[in-house]
Amino acid sequence: MPRRTIKIVVDASVFADYYLFYPGRRERHERARTILDKLSSLDLPVYEPFLFEVELRGVLVRSIKPEQVVEIVDLVLEHVNIVREELIHDKAVEIALLTGCRAIDAYYIATAKHVNGTLITNDRIMKYNALRAGTEAYYLLDDKDYETLIDKLATN
């Protein structure tokens, strides 16, 4: 029986930690690199809400020159599937009402629900809200979540 290919939604926090290294935050950087490199090597489909591009550009430009940000984000966008707002708006509204989460978090969680996928984040609160909304989610800075995700990816 063939394995089911898992669908992944990766929060912009993980991409930011992949590209940025701050002293004292080595673990964030290393775990983000490990997971994104693993997803790439497995060629798993990665989905992002329509706001992803704007959010990632806004986060990266705080530490990287705008020209470099454009190059990085354009490269990332070649490897992800963007989910249009009209496909996830109603789900995001429901999630916001259920969890009280930030709008951007509601869109990531709604994207994961829309594609029946797994959410990966470096935001503990987003993970908690995703679980409350019935979405599988992993917080990379939690050792148990990280190891469980590594095992899940190894079996895919």
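Numbers below:
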{"quantity": "Virtual spin-label span in nm between ASP74 and LYS144, 7 Å along Cα→Cβ", "calculated": "4.5 nm"}
{"quantity": "Inverse mean reciprocal Cα-Cα distance (Kirkwood Rh) of the chain, Å", "calculated": "15.7 Å"}
{"quantity": "Computed [θ] at 222 nm, deg cm²/dmol, the chain (DSSP H ≥ 4; -39,500 (n - 2.57); rounded to nearest 500)", "calculated": "-18500 deg cm²/dmol"}
{"quantity": "Most fluctuating residue given options GLY58, GLY117, GLY24, as computed from a GNM of the chain linking Cα atoms under 10 Å", "calculated": "GLY24"}
{"quantity": "Gained length - GLU85 relative to ASP151, 0.36 nm times residue gap less alpha-carbon distance", "calculated": "20.5 nm"}
{"quantity": "Candidate aspartates and glutamates - alpha carbon under 20 Å from LYS144, same-chain residues fewer than 8 apart omitted", "calculated": "ASP11, ASP17, GLU27, GLU30, ASP37, ASP123, GLU136"}
{"quantity": "Set of lysines near LYS91 by C-alpha distance (under 17 Å), chain-local residues within fewer than 8 positions excluded", "calculated": "LYS113, LYS127"}
{"quantity": "Likely footprinting exposure, TYR18, TYR108, fewest C-beta neighbours within 10 Å first", "calculated": "TYR18, TYR108"}
{"quantity": "Loop-resident sites, the stretch 85-131, for GluC sites (Glu not before Pro), counting at most 12 other Cβ within 10 Å (DSSP)", "calculated": "none"}
{"quantity": "Relative contact order computed over the chain (Cα-Cα under 8 Å; 6+ residues apart), in percent", "calculated": "29 percent"}
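Every read-out reported here was derived from the displayed coordinates using simple, explicitly stated rules and does not represent laboratory data. This is a predicted model, so every value here is computed, not measured. Every residue, glycine as well, gets a Cβ built from its backbone with ideal geometry; the counts of neighbours run over all protein chains shown.
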